[in-house]
Amino acid sequence: MKLTLEDSDITPIVRETVEAILDSGLLDQRLSYSSIEAARILDTTSRAIDEARRSGRLRGVKIGKSYSYPRTELLRFLNEHA
């Protein structure tokens, strides 16, 4: 079975998903999140977050030995990859 969707079909779903995440309180007023926190927010693993960063699909900020992911970047990533 193959499912084909147009951008116009997906856009409302992505918008609803982003709004639901914002309404759920998963994203608080912090400016950035660790790999583990970003994974929880995006419902994936921290390894997938790190792989997305290394491939350039997700931008992280290196702070010391670890990376932090800005709130706005997580929202952008979700909108583009949902």
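Every number here is computed from the coordinates shown, using simple stated rules; none is lab data. Quantities reported herein were computed from a predicted structural model and do not represent experimental measurements. Cβ atoms come from the backbone with ideal geometry, glycine included; neighbour counts cover every protein chain shown.
For the condition in a loop (DSSP other than H, G, I, E, B) and not small (Gly, Ala, Ser), what is the one hit in ARG15, ARG40, ARG30?
Answer to the check: ARG30.
Can you find, within segment 43-72, the residue that is farthest from the chain's Cα centre (by Cα) among those that are polar (S, T, N, Q) and outside any loop (DSSP other than H, G, I, E, B)?
Residue satisfying both the conditions and the ranking: SER66.
Looking only at segment 47-82, which residues are crowded, with 16+ Cβ neighbours inside 10 Å and among the basic types (Lys, Arg)?
Hits for segment 47-82 are ARG53, ARG71.
Select from segment 61-82 the residues that are free of Cβ contacts under 8 Å to residues at least 24 places away in the same chain, over 23 Å from THR11 (Cα atoms) and not β-branched (Val, Ile, Thr) and list them in ascending order.
Answer for segment 61-82, where residues must be free of Cβ contacts under 8 Å to residues at least 24 places away in the same chain, over 23 Å from THR11 (Cα atoms) and not β-branched (Val, Ile, Thr): LYS62, GLY64, LYS65.
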